[in-house]
Amino acid sequence: MGAQVRVYKRRIKSVTATKKITKAMEMISASRIVKAQRQVDASTPYANELTRAVTAVATGSNTRHPLTTEVERPTRAAVLLITSDRGLAGGYSSNAIKAAEQLTERLTAEGKEVLPYIVGRKGVAYYSFRGRAVTQSWTGFTDNPTYADAKTVAGPLIEAVTTETAEGGVDELHIIFTEFVSMMTQTPVDVRLLPLSIDEATEHAEKTGAGKDQILPLFDFEPSAEEVLDALLPRYVESRIYNALLQSAASKHAATRRAMKSATDNAEELIKSLTRLANAARQADITQEISEIVGGASALADATAGSD
């Protein structure tokens, strides 16, 4: 029975060490969530005003621009999927990948060729394991994205949209990211960024508070509305991608915190269970030793009585 007690003690020691690690990761993720939320709040006014400006230009001119004009029969679509570089975040990356798969199936059913663009090692690994081609990928910044990272991601996507499909371009741009709703709720969403629909731009502006109860003024465009769109819409795409990266980072940290808290709680329950088993084994060991002592004393007494 002593050997069994030692086994339980080793397991308790191992689980206790794991608990310390998961508790530390939980605390780190909790601190990172606060920073990520502050970044989202700081970027929101800029994104709102930029959305309002793009909406004003799009509604205030009759210019047919490749970033705002619907293609009559779209044949190719770019899909940007934002996942994580690291694991230990529950179903965070897998849920985003699942949403991307559903969007891909829908676009394919509409007769469109899908070109995947991936952010995060988890998404890259998913496509690589299945032998599926990825147009372009980026890794290494999902935990703490910057605006420079958003520009790096947005550049090839804007170029693809502004290029003719016959020359390798795309007709549409979609983005899959995880929206941070609260500490307990993070929801994968898919949004079509380009071509920018006036209705979609207005809806987004109202949703974010940029256009709610506001009347858009009339503008004169210098040198032209087309050149204003050339300057504004890339910034619009960059700001939306940056916001999506920040939302995804906050969601990832929240998912990690929740997963690590669950792991810590499970470790505590396992330690309690192993401690009870160890105590029971030790009691059984003591009881057996007492029984052996009593049995030996009884045998010795019987032997002594027989010799007399």
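The values are calculated or read from the model by the stated rules, or taken from the named source; none is laboratory data. Note that the coordinates shown come from a computational prediction; the quantities given were computed from them, not determined experimentally. Glycine gets a Cβ as well: all are built from the backbone with ideal geometry, and neighbour counts include every protein chain shown. Please note that ligands, DNA and RNA were not included when accessible areas were found on the heavy atoms of the full protein model with its side chains. Shrake-Rupley method; radii C 1.70, N 1.55, O 1.52, S 1.80 Å.
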- Message: Of everything in region 268-300, what is open to solvent by 60 Å² or more (accessible area, probe 1.4 Å) and in contact with a helix residue (DSSP H, G or I) (Cβ under 8 Å, 6 or more places away or on another chain)? Give them in sequence order.
- Response: 268, 270, 277, 282
- Task: Would you please list the contacts, defined by Cβ atoms under 8 Å and residues six or more apart or on different chains, that run from a residue in region 13-25 that is under 18 Å from residue 278 (Cα atoms) to a residue that is open to solvent by 60 Å² or more (accessible area, probe 1.4 Å) and modelled with pLDDT of 90 or more?
- Result: 15/270
- Item | Residue check for residue 302: modelled with pLDDT of 75 or more and either in a helix (DSSP H, G or I) or hydroxyl-bearing (Ser, Thr, Tyr) (or both) | no
- Query: Take the residues of region 107-118 that are within 17 Å of residue 175 (Cβ to Cβ), in contact with a Lys or Arg (Cβ under 9 Å, 6 or more places away or on another chain) and free of Cβ contacts under 8 Å to residues at least 40 places away in the same chain: which is surrounded by the fewest Cβ atoms within 10 Å (Cβ to Cβ)?
  - Reply: 114
- Query: Restricting the search to region 118-142, which residues are within 17 Å of residue 101 (Cα to Cα) and part of a loop (DSSP other than H, G, I, E, B)?
  - Reply: 120, 130, 131, 132, 133, 134, 135
- For region 119-136, does any single residue satisfy the condition of being open to solvent by less than 20 Å² (accessible area, probe 1.4 Å), free of Cβ contacts under 8 Å to residues at least 60 places away in the same chain and more than 22 Å from residue 31 (Cα to Cα)? yes
- Message: Just the residues that are of a type in the set (D, E, K, R) and touching a Leu at 6+ places or on another chain (Cβ under 6 Å), please, taken from region 1-22.
- Response: 11
- Task: Given the conditions (1) assigned to a helix (DSSP H, G or I); (2) surrounded by fewer than 17 Cβ atoms within 10 Å (Cβ to Cβ), report the number of the one that residue 160 does not fulfil.
- Result: (2)
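Table: residues versus (1) open to solvent by less than 60 Å² (accessible area, probe 1.4 Å); (2) at pLDDT below 90.
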residue: 166; (1), (2): no, yes
residue: 171; (1), (2): yes, yes
residue: 176; (1), (2): yes, no
residue: 180; (1), (2): yes, yes
residue: 193; (1), (2): yes, yes
residue: 206; (1), (2): no, yes
- Item | Scope region 26-36; condition within 15 Å of the chain's Cα centre (by Cα) and either open to solvent by 70 Å² or more (accessible area, probe 1.4 Å) or free of Cβ contacts under 8 Å to residues at least 12 places away in the same chain (or both); matching residues | 32
- Query: Out of all the residues in region 66-89, which are open to solvent by 70 Å² or more (accessible area, probe 1.4 Å) and in contact with a helix residue (DSSP H, G or I) (Cβ under 9 Å, 6 or more places away or on another chain)?
  - Reply: 66, 86, 88
- Item | In region 253-267, residue farthest from residue 40 (Cα to Cα) [restricted to those that are charged (D, E, K, R) and open to solvent by 70 Å² or more (accessible area, probe 1.4 Å)] | 261
